[in-house]
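Heads up, the thing below is written out as C-alpha cells.
Each reported figure results from applying straightforward, stated rules to the coordinates on display, with no laboratory input. Keep in mind the model is a prediction, meaning the values are calculated, not measured. Here the Cβ is made from the backbone with ideal geometry for all residues, glycine too, and neighbour counts use every protein chain on show.
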Amino acid sequence: MTIPSLVFAALIASLYGALFHLFRGGGSGRIFLYLLFSWVGFVLGHLIGIWQEWILLPIGQLNLGMSTLGSFVVLVGGDWVSRIRIGNSKDFSDGGKRV
C-alpha cells in the first residue's frame with residue numbers, strides 16, 4: 001500500500017473508533033481502547049478481504065468494505081469483552097448478599 005492509502009485508512013479507522021466512542025460513551029481511557037480496536041479490526045478486515053478475494057468498495061488499494069466490516073466486528077466484540085466483570089458469586093464481606 002502507498003503512504004496516502006495508509007494515511008486514509010488510519011483516518012477512516014480513527015473516525016470509526018471515535019464515532020463508536022460517541023455512541024457507547026465512556027471515559028478518556030475508552031477512546032484509546034476503541035481506537036485500538038478499530039485500527040486492529042480495520043487491518044484484519046482488509047487482510048481477510050485480500051486473502052479471501054472479497055472486494056467490497058475498493059478505493060485505490062484499500063478494500064474499504066471489508067475493512068469497515070472488520071473494524072465494526074472487532075469494535076463490538078472488544079467492547080463486549082472489555083465490559084465483562086470478573087468476580088465471585090458470593091462476597092463474604094457483605095454476608096453473601098449483592099449490594
In deg cm²/dmol, rounded to 500, what helix-only [θ] at 222 nm does the chain give when every DSSP H run of at least 4 residues adds -39500 (n - 2.57) and the total is split over its residues? -23500 deg cm²/dmol
With +1 assigned to the C-beta of every Lys and Arg and -1 to the C-beta of every Asp and Glu, and no other charges, what is the dipole magnitude of the chain about the Cα centre in debye, to the nearest 20? 460 debye
One can check that the equivalent ellipsoid of the stretch 3-85, built from the alpha-carbon gyration tensor with semi-axes equal to the square roots of five times its eigenvalues, has lengths in Å, largest first, of 24, 14, 9
Taking placed amide H atoms and a strict 5 Å upper bound, the residues 5 or more places from ILE59 or on another chain that come that close are LEU64
What Kirkwood radius, in Å to one decimal, follows from the Cα pairs of the stretch 11-59? 11.6 Å
Starting from the 7 Å offset along Cα-to-Cβ, what nm value, one decimal, do you get for the label separation of ALA18 and SER5? 2.4 nm
Across the stretch 44-89, how large is the tail of the calculated P(r) beyond 17 Å, expressed as a percent of all Cα pairs? 44 percent
